[in-house]
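K.L.:
Supplied in structure tokens, the structure appears directly below.
The values are calculated or read from the model by the stated rules, or taken from the named source; none is laboratory data. What you are looking at is a predicted structure, and each value in this text was computed from that prediction instead of being measured. Please note: Cβ atoms are built from the backbone with ideal geometry, for glycine as well, and neighbour counts cover all protein chains shown. Quick note on the areas: whole protein, heavy atoms, side chains included, nothing else; ligands and nucleic acids left out. Shrake-Rupley method; radii C 1.70, N 1.55, O 1.52, S 1.80 Å.
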Amino acid sequence: MTQQQTNLKSLLSDPSLLETRAFLGGEWVDAKDGATFDVTNPARGDVIAKVADLSRDEVAQAIDAAEAAMKGWAARTAKERAQIMRKWYDLMMENQDDLARILTAEMGKPFAEAKGEIAYGASFIEWFGEEAKRVYGETIPGHQPDKRLTVIRQPIGVVGSITPWNFPNAMIARKAGPALAVGCGFVARPAAETPLSALAMAVLGERAGLPKGILSVVTSSRSSEVGKEFCENHKVRKLTFTGSTEVGRILLRQAADQVMKCSMELGGNAPFIVFDDADLDAAVEGAMASKFRNNGQTCVCANRIYVQAGVYDAFAKKLAEAVDKLKVGDGLEDGVTTGPLINEGAVDKVQEHIKDVLDGGGTVVTGGERMDGLFFKPTVMTGVTDDMKVATEETFGPLAPLFKFETEEEAVEKANATIFGLASYFYARDIGRITRVQESLEYGIVGVNTGIISTEVAPFGGVKQSGLGREGSRHGIEDFLEMKYVCLSI
Ligand SMILES: NC(=O)C1=CN([C@@H]2O[C@H](COP(=O)(O)OP(=O)(O)OC[C@H]3O[C@@H](n4cnc5c(N)ncnc54)[C@H](OP(=O)(O)O)[C@@H]3O)[C@@H](O)[C@H]2O)C=CC1
Ligand SMILES: O=C(O)[C@H](O)CS(=O)(=O)O
């Protein structure tokens, strides 16, 4: 065990939650060949854990175990599964602080935000345990006198899951919740940057009573190998992915060979529109929440901020004043509102977008510079135009670029001018404008006079190249069910 791992364990009320072995078929295992990969704390740059680095063959074993365990798990009543899901939820909430400390240590987000993510992730486990008890079938009036028609809905089968580093608890829970609740087997491959949160979830899932093999967490540094196993193994009936559109395309191409059902939660490029009839203080508050949550590292962060000409200067001034109050630092320190970026590539992307705006004649109102390590000053820029990179590329960092517009039609046209369609936001008070704009935006999610839209009770997902399917809400369970039509001749 590394010294840093010892240090992290010393922060936990229950040190056994810091697991570094993979959870394979109900057993805690090292990689067969003893291989491990390092997990680094992005705030300090030190290695906090060495985690089992599984091979593709070991992933195949997890899939076999999930298929074998499904027979008994799917045969239980929905209520029995729901009781175990509820116990899992209770354990996650009872251990919220420890789970949050592990999450902050491996991902960097401030402890308060990490606690919020644990509650958000746990809410999907709770929600879908309840929803599973309402997976109804139907009877259909026969098309012939001797025919009796019914429709039943059954678990789709073994699910392969690939998730990103930015929400290392909630993105898994948003998939494992519905999949396990309806009776599927579930094999999770978390991002190599952030496997510890997933392993801690598995510790608690085992304690909650999930049967051996129904859930595996296959930690591996070889993401493309794991993806190929999920896409090529005929025992896998469903692939669920959250991450960039670029990787989503790779997986969809691979999954096409066996016509595998896929759910895709992909990249975004959210517009945030401030009209001249908006409550400016509310708009600033919403922009802060949407733009700087998780240090700008969410797929639903405001990526382009459009401000109507009449309020542009006032909004820019107010926003910069709010940004200057952010406290950048180690997420485990009290009062820190903004942690580090996840890696050097993320810092490079922010710097690239800032330089591009400056080269195009834009201005830094506040921030604009890298700090020590992976820390970056939250930044507001004005004079941003549609020919700049930030207009079409997702920054995934703490940069708020302000674009000026004149008319409602212009704002909507510019907001829609992207291949993405995940989240969008606007602030206005005229009811006619609100109705027209919410109906005209080509996005799966529209926040009106709010910058935070995420909840387990609503359908989360994108249109265009931001994804396929919806997660959360009563709709999110459908992606883990198959419909069977039975025609009985009497
Ligand atoms: N719509 C949504 O809900 C979300 C979308 N995103 C989007 O993802 C991007 C940032 O997240 P990031 O994690 O860097 O995204 P990536 O798409 O690079 O990675 C996401 C996951 O996919 C894995 N992966 C990468 N390449 C492959 C492959 N060829 N086969 C199988 N798995 C692979 C990664 O593993 P590893 O890192 O270990 O290589 C990681 O676990 C942004 O574009 C953001 O918008 C992110 C979160 C949520
Ligand atoms: O990964 C993400 O960015 C999440 O989907 C955003 S949210 O659901 O936490 O808002």
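K.L.:
For region 192-228, which positions are within 13 Å of ligand 1 (Cβ to nearest atom) and open to solvent by less than 20 Å² (accessible area, probe 1.4 Å)? First the steps, then the outcome.
P.N.:
Of all residues in region 192-228, those within 13 Å of ligand 1 (Cβ to nearest atom) come to 192-195, 197-198, 217-228.
Passing the criteria: Thr194, Pro195, Ser197, Ala198, Val217, Val218, Thr219, Ser220, Val226, Gly227.
K.L.:
Also: Working only within region 396-415, note down all residues that are in contact with a Pro (Cβ under 8 Å, 6 or more places away or on another chain) and not hydrophobic (A, V, I, L, M, F, W, C).
P.N.:
Pro398, Lys414
K.L.:
Please specify each residue of region 354-404 satisfying the condition of being among the basic types (Lys, Arg) and either open to solvent by less than 50 Å² (accessible area, probe 1.4 Å) or out of contact with any Lys or Arg (no Cβ under 9 Å at 6 or more places or on another chain) (or both). Full working, then the answer.
P.N.:
Narrowing region 354-404 to residues among the basic types (Lys, Arg): 355, 370, 377, 389, 404.
Correct list: Lys355, Lys389, Lys404.
K.L.:
Let me ask something else about it. Can you list residue pairs whose Cβ atoms sit under 9 Å apart, with the first residue in region 22-42 being closer than 16 Å to Ser197 by Cβ and of a type in the set (Phe, Trp, Tyr) and the second being assigned to a strand (DSSP E or B) and open to solvent by 60 Å² or more (accessible area, probe 1.4 Å)? Count only pairs 6 or more apart in sequence or on different chains.
P.N.:
As it stands, the answer is Phe37/Lys50, since those pairs meet every condition given.
K.L.:
Also, quick follow-up: Within region 31-38, is even one residue surrounded by 17 or more Cβ atoms within 10 Å (Cβ to Cβ) and either modelled with pLDDT under 95 or in a loop (DSSP other than H, G, I, E, B) (or both)?
P.N.:
Among the residues of region 31-38, at least one is surrounded by 17 or more Cβ atoms within 10 Å (Cβ to Cβ) and either modelled with pLDDT under 95 or in a loop (DSSP other than H, G, I, E, B) (or both), which makes the answer yes.
K.L.:
Let me ask something else about it. I want to confirm something. Restricting to region 435-454 and keeping residues that are part of a loop (DSSP other than H, G, I, E, B) and over 15 Å from Glu265 (Cα atoms), which single residue is farthest from ligand 1 (Cβ to nearest atom)? Quick ask: steps written out before the conclusion?
P.N.:
Within region 435-454, the subset part of a loop (DSSP other than H, G, I, E, B) is 441-444, 449-454.
So of that shortlist, the ones also over 15 Å from Glu265 (Cα atoms) come out as 441-442, 449-453.
Details: Leu441: 17, Glu442: 16, Asn449: 23, Thr450: 18, Gly451: 16, Ile452: 15, Ile453: 12 Å.
The qualifying residue farthest from ligand 1 (Cβ to nearest atom) is Asn449.
K.L.:
Look at region 289-346 and say how many of its residues are part of a helix (DSSP H, G or I) and within 16 Å of ligand 1 (Cβ to nearest atom). Break it down stepwise before answering.
P.N.:
To start, the set of residues in region 289-346 that are part of a helix (DSSP H, G or I) comprises 289-296, 309-323, 344-346.
So of that shortlist, the ones also within 16 Å of ligand 1 (Cβ to nearest atom) come out as 290-296, 344-346.
Within region 289-346, residues that are part of a helix (DSSP H, G or I) and within 16 Å of ligand 1 (Cβ to nearest atom) number 10.
K.L.:
Could you please tell me which pairs satisfy a Cβ distance under 7 Å, a separation of 6+ or placement on different chains, a first residue in region 410-434 that is touching a residue at least 24 places away in the same chain (Cβ under 8 Å) and more than 16 Å from ligand 1 (Cβ to nearest atom), and a second residue that is acidic (Asp, Glu) and part of a helix (DSSP H, G or I)?
P.N.:
Arg433/Glu408
K.L.:
So Val159 clears everything in (1) out of contact with any Leu (no Cβ under 8 Å at 6 or more places or on another chain); (2) of a type in the set (Val, Ile, Thr); (3) under 22 Å from Glu80 (Cβ atoms); (4) within 16 Å of ligand 1 (Cβ to nearest atom) except one condition, right? Which one?
P.N.:
Among (1) out of contact with any Leu (no Cβ under 8 Å at 6 or more places or on another chain); (2) of a type in the set (Val, Ile, Thr); (3) under 22 Å from Glu80 (Cβ atoms); (4) within 16 Å of ligand 1 (Cβ to nearest atom), Val159 violates only (1).
K.L.:
Follow-up question, since we're still on this one. Could you list all residues from region 124-156 that are away from ligand 1 (no atom under 16 Å from the Cβ) and under 16 Å from the mean Cα position of the chain (by Cα)? Show your work before the answer.
P.N.:
At the first step, the residues of region 124-156 found to be away from ligand 1 (no atom under 16 Å from the Cβ) are 125-156.
The answer is Ile125, and nothing else.
K.L.:
Conditions first: (1) open to solvent by 60 Å² or more (accessible area, probe 1.4 Å); (2) in contact with a Ser or Thr (Cβ under 7 Å, 6 or more places away or on another chain). Gln351 passes all but one, so which condition is the exception?
P.N.:
That leaves (2) as the condition not met.
K.L.:
When residues of region 55-93 are filtered for being open to solvent by 60 Å² or more (accessible area, probe 1.4 Å) and more than 19 Å from Gly129 (Cα to Cα), how many remain?
P.N.:
Counting residues in region 55-93 that are open to solvent by 60 Å² or more (accessible area, probe 1.4 Å) and more than 19 Å from Gly129 (Cα to Cα) gives 6.
K.L.:
Taking the criterion of being without any contact (Cβ under 8 Å) to a residue 12 or more places away in the chain and among the basic types (Lys, Arg), would at least one residue in region 253-260 satisfy it?
P.N.:
Restricting attention to region 253-260, the residues satisfying the condition of being without any contact (Cβ under 8 Å) to a residue 12 or more places away in the chain are 253, 256, 259.
Pick out the ones that are also among the basic types (Lys, Arg) and you get 253.
Checking region 253-260: at least one residue is without any contact (Cβ under 8 Å) to a residue 12 or more places away in the chain and among the basic types (Lys, Arg).
K.L.:
List every residue pair whose Cβ atoms sit under 6 Å apart, with the two residues 6 or more apart in sequence or on different chains, where the first one lies in region 151-169 and is within 29 Å of Leu341 (Cβ to Cβ) and more than 16 Å from ligand 2 (Cβ to nearest atom) and the second, anywhere, is part of a strand (DSSP E or B) and aliphatic (A, V, I, L, M).
P.N.:
These pairs meet every condition: Gly160/Val187; Gly160/Val236; Gly160/Leu239.
K.L.:
Follow-up question, since we're still on this one. From the set of residues in region 138-191 that are part of a strand (DSSP E or B) and polar (S, T, N, Q), which is least open to solvent (accessible area, probe 1.4 Å)?
P.N.:
Step one: list which residues in region 138-191 are part of a strand (DSSP E or B), which gives 138-140, 147-155, 158-162, 186-189.
Those left that are additionally polar (S, T, N, Q): 139, 150, 154, 161.
Details: Thr139: 113, Thr150: 49, Gln154: 70, Ser161: 0 Å².
Taking the candidates together, the pick is Ser161.
K.L.:
Yes or no: region 332-341 includes at least one residue that is of a type in the set (S, T, N, Q) and touching a Leu at 6+ places or on another chain (Cβ under 8 Å). Before you say what the answer is, go through the steps one by one.
P.N.:
Of region 332-341, the ones of a type in the set (S, T, N, Q) are 337-338.
With the extra rule that they be touching a Leu at 6+ places or on another chain (Cβ under 8 Å), the set shrinks to 337-338.
So far as region 332-341 goes, yes, one or more of its residues are of a type in the set (S, T, N, Q) and touching a Leu at 6+ places or on another chain (Cβ under 8 Å).
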